[in-house]
1. Among (1) assigned to a loop (DSSP other than H, G, I, E, B); (2) modelled with pLDDT under 80, there is one condition residue 38 misses while meeting the rest; what is its number?
2. If residue 104 satisfies all but one of (1) in a helix (DSSP H, G or I); (2) surrounded by 10 or more Cβ atoms within 10 Å (Cβ to Cβ); (3) modelled with pLDDT of 85 or more, what's the number of the condition it fails?
3. If you check residue 53 against the conditions, is it on the phi > 0 side of the Ramachandran plot, surrounded by fewer than 15 Cβ atoms within 10 Å (Cβ to Cβ) and modelled with pLDDT under 85?
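The values are calculated or read from the model by the stated rules, or taken from the named source; none is laboratory data. These numbers come from a predicted model, not from an experiment. Positions of Cβ are backbone-derived with ideal geometry, glycine not excepted, and every protein chain shown enters the neighbour counts.
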Amino acid sequence: MSLFFVLLFICTHNTIASPPLLGKSEHPSPISSWLTMTNLRDLGFLKSGSMFGHFNNSVLGYISPYFAPLKPYLRSFWHTLHPVQAFDDTNPTNRVAHSKATPMDIINIFKTALMDEDLITQLKSTQSILGKRSAPVVT
């Protein structure tokens, strides 16, 4: 799960000159507000609402243009960790679903992305405003 959130942070915050983590600028994504929350209970509600209720719009909507070709793989990674399930309103304990993803499931998502010829072509032609340190080495 942590790997997913690190990737998400990089894909949303890595193209601005002064990342909000450094406190020099604001970023409109919900992830920015996660970094400033001090109450863990409130953070849990905020994060849960963003990730489970509005992932495609409120989270993936803030992926930087440079990383936009990775959106389908981020979506696939998230849904592998949290498959869509029907909830039983008569039993609230059924609302929390733990991931059944295996390490191989996650590795397969990365393998698929690494072998995606269209993705490689897009990344080769995409210009980064971050300079050489952010440009992926694609051969």
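1. Of the numbered conditions (1) assigned to a loop (DSSP other than H, G, I, E, B); (2) modelled with pLDDT under 80, the odd one out for residue 38 is (2).
2. (2)
3. Against the criterion (on the phi > 0 side of the Ramachandran plot, surrounded by fewer than 15 Cβ atoms within 10 Å (Cβ to Cβ) and modelled with pLDDT under 85), residue 53 does not qualify.
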